[in-house]
Structure formats: C-alpha cells, structure tokens
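Below is one structure; the comments refer to it alone.
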Amino acid sequence: MSLLGPHRWPVRVYYEDTDLAGIVYYANYLKFIERARSEMVRAAGIDQTAMKAAGQVFAVARLEADYRAPAKFDDELIVETSVTKTTPARLTLQQVVTRESTLIFEAKVVLVCLGPDGRPTRLPPQITKLATTR
C-alpha cells in the first residue's frame, strides 16, 4: 500500500468526547486525527514499534486546524488522511473530518522523524518510498 491515500478511518463520538454543550470538545479532534494517522501508517505496513527500536519516531512539527461545524454525541465521523507533500525530512498531510457530506474539521499536519537524540532526522527510506510511489 502507498501512503498517498486517501486513507479513511471511521470514528464514533462518545459521551466522553463532548463538552457541557454536548458537542465534541475541540482538543478531541486532535486525538481523532492522531489515531487516523496511526491507522494509515499501520495499513501501509510501517511498524512504528520497530521504528522506535531503531531509534526513530514520528513527531508533529506543525499543525494548522480549522473547525467548520460541530459534531455531537453518537455522530459517525470519517477521518480522511492524504499525504500532500514529501521531502527527505518531512511529510505534509491533509486531514479532514466529515459527517456524511458535512465538513466538520480540517487540518494540515507536518510530520518529522526524530532520532535517538530527539533531533530531526531524515525519514526512513521505506517511508519516503511509500509516500512517493503509487
């Protein structure tokens, strides 16, 4: 599988995801998109545990988010993730959360790889290959 996607991951809104107004608490969208990224990477055959054992981990370097409409308890949402740009050291992703045809949330996320010393390093070759090959 390629990382070019788009990868689609379903999420249901639970009571614990909502605030006093009964809508999804804004920070929970970051959890939803994080889980979707992890599932995309897993579906592409990338073993993040093995990456960590080799001294590399993914980290979010930048995130831009826009909240477009509220989601509520028991909504069925879809998180769609696509790689929009790849460099030797970064992956840029577009992530959108929808309920049926309604855009709820969207984010641009820049990922980097950190080495054992916590400093940015080049992406592993298998990830660069998956992100640039259809």
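The values are calculated or read from the model by the stated rules, or taken from the named source; none is laboratory data. From a predicted model like this one, the values you see are computed outputs, not experimental measurements. Using ideal geometry, Cβ is built from the backbone for each residue, glycine included, and neighbour counts are taken over all protein chains shown. What goes into the accessible areas is simple: the full protein's heavy atoms, side chains included, and nothing from ligands, DNA or RNA. Shrake-Rupley method; radii C 1.70, N 1.55, O 1.52, S 1.80 Å.
Does the stretch 88-134 hold any residues that are closer than 17 Å to Leu63 by Cα, in contact with a helix residue (DSSP H, G or I) (Cβ under 7 Å, 6 or more places away or on another chain) and not aliphatic (A, V, I, L, M), and which are they? Within the stretch 88-134, Gln95, Phe105 meet the criteria. Residues of the stretch 60-89 that are assigned to a loop (DSSP other than H, G, I, E, B), surrounded by 15 or more Cβ atoms within 10 Å (Cβ to Cβ) and in contact with a Leu (Cβ under 9 Å, 6 or more places away or on another chain): Ala71 alone. Residues that are on the phi > 0 side of the Ramachandran plot and charged (D, E, K, R) do not occur anywhere in the stretch 50-63. Summed over the stretch 23-49, the residues that are of a type outside the set (A, V, I, L, M, F, W, C) and in contact with a Phe, Trp or Tyr (Cβ under 6 Å, 6 or more places away or on another chain) give a count of 2.
Residues in the stretch 2-46 that are surrounded by 12 or more Cβ atoms within 10 Å (Cβ to Cβ), assigned to a loop (DSSP other than H, G, I, E, B), at pLDDT below 95 and not hydroxyl-bearing (Ser, Thr, Tyr): 6 in all.
When the stretch 47-59 is filtered for residues that are within 22 Å of Val96 (Cα to Cα) and surrounded by 15 or more Cβ atoms within 10 Å (Cβ to Cβ), only Phe58 remains. Is it the case that some residue within the stretch 94-115 is open to solvent by less than 70 Å² (accessible area, probe 1.4 Å) and part of a loop (DSSP other than H, G, I, E, B)? So far as the stretch 94-115 goes, yes, one or more of its residues are open to solvent by less than 70 Å² (accessible area, probe 1.4 Å) and part of a loop (DSSP other than H, G, I, E, B). Against the list (1) out of contact with any strand residue (DSSP E or B) (no Cβ under 8 Å at 6 or more places or on another chain); (2) within 28 Å of Thr121 (Cβ to Cβ), the condition Ser101 fails is (2). The residues listed here are Val41, Val13, Val57; of these, the one that is over 20 Å from Arg90 (Cα atoms) and either touching a residue at least 24 places away in the same chain (Cβ under 8 Å) or among the aliphatic types (A, V, I, L, M) (or both) is Val13.
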